[in-house]
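Below is one structure, written out as structure tokens; the observations come after it.
No lab work stands behind these numbers, since they all come straight from the coordinates. Everything numeric in this text was worked out from a predicted model, so none of it was measured. Don't worry about glycine lacking a Cβ; one is built from the backbone with ideal geometry, like all the others, and counts go over all protein chains shown.
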Amino acid sequence: MDILKRARQVFDIEAKAVLELKSGLGADFRRAVKIIMSCKGRVVVTGMGKAGIIGQKLSATLASTGTPSLFLHSAEAIHGDLGRVTREDSVVILSNSGETDEVKRLLPLLKKMGAKVVAVTGNASSSLAKYSDAVLNTCVKKEACPLGLAPTSSTTAMLAMCDALAVCLLDLRGFKEQDFAFYHPGGALGKRLLLKVEDIMRKGPANPVVEEDSKISAVLLKITHARAGSASVVDAKGRLSGIFTDGDLRRNLESGKSITGLPVREVMTRNPVRVRAQMLAAEAVRLLQEKKIDELPVVDEKSRPVGLLDVQDLLKAGLI
């Protein structure tokens, strides 16, 4: 067997199955979107076997894009978990045959409850289709499985139909990048759009602050204890006037000067780039990269240092 040839055949068969769904889209798809958009409760997604797995993905996609949803296993539903469904909910049921026993047993109960039902099925004449308020037909002509038994093209078609449904709902809700980030605070996008400097800056003992008259030897000791790469230098009123970094130390040592007894004001970098605690951490990353520096003092509205942002902190936060 030519393995690559076989793999390409699978791609061709499944791609064709998905593309053929386009011509079948119509009033029922619009009706399904309308049902979910007008739902006052949650979108309950249910199914068995491979269809159930696709259903779990649909429920997760809906929940992360602004449509409250939960997945309900069809078998568990008929053994008590049906109590999770209310008349305010909409129910999306996935079943390729539309005749799965567990699904069929749910239908009259859901109807009696008054919940709207959207079917995602490959059999538009099935019991599921007949009981549903909207039918999304995912019929495929051929499975990619050579035996015609393992769900392959049919599950790919279901997945594509569910994605189309979720994306249309996303658009209608006006769901934005910031909304997506809110539901994904641990992801890269969430961190970029939500994480602020104050969330990751060094504070307290980890933020070395020294006065302008402090000797370099004392400043170095404070930096070492804080395990930092710099110290913020303040004037008599506690306002940031400079920063002393390991770069400042190296430059002065290379000149051959003995600086340990000097006051830090004589060797510090004056008027350093600074940020506010409420700034987005992603913007701080841009500043560090633009200015080619590794540390940023964080100041309050009176220019008093309240924290220190080190490039290592941004690395740990996954922003670099």
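Summary table
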| item | result |
| --- | --- |
| Rounded to the nearest 20 debye, dipole of the stretch 87-169 from Cβ charges on Lys, Arg, Asp, Glu | 240 debye |
| Dimensionless Rg ratio for the stretch 3-175, taking C-alpha atoms and the 2.2 N^0.38 Å reference | 1.00 |
| Positive minus negative residues near residue 309 (Lys, Arg vs Asp, Glu; Cβ under 10 Å) | -3 |
| Gain on full stretching of the segment that runs from residue 27 to residue 10 - 0.36 nm per residue minus C-alpha separation | 3.0 nm |
| Estimated FRET transfer efficiency when R0 is 30 angstrom, pair residue 203-residue 176 (beta carbons, to 0.05) | 0.40 |
| Environment charge of residue 157, counting only residues whose C-beta is closer than 9 Å and scoring Lys/Arg +1, Asp/Glu -1 | -2 |
| Computed magnitude of the charge dipole of the chain (debye, nearest 20; Cβ of K, R +1, Cβ of D, E -1) | 420 debye |
| Sorted peptide list for 288-294, 163-169, 255-261, 230-236, criterion being average Cβ within 10 angstrom, highest first | 230-236, 163-169, 288-294, 255-261 |
| Helix 27-37 vs. the chain, principal-axis angle (Cα, 0 to 90°, nearest 10) | 50 degrees |
| Quotient of Cα Rg and 2.2 N^0.38 Å for the chain, N being how many residues it contains | 1.54 |
| For residue 229, net neighbour charge (Lys/Arg +1, Asp/Glu -1) across residues whose Cβ lies under 12 Å away | -3 |
| Cα-Cα pairs of the stretch 197-316 separated by more than 22 Å (percent) | 28 percent |
| 222 nm mean residue ellipticity, helices alone, for the chain (DSSP H n ≥ 4; -39,500 (n - 2.57); rounded to 500) | -13000 deg cm²/dmol |
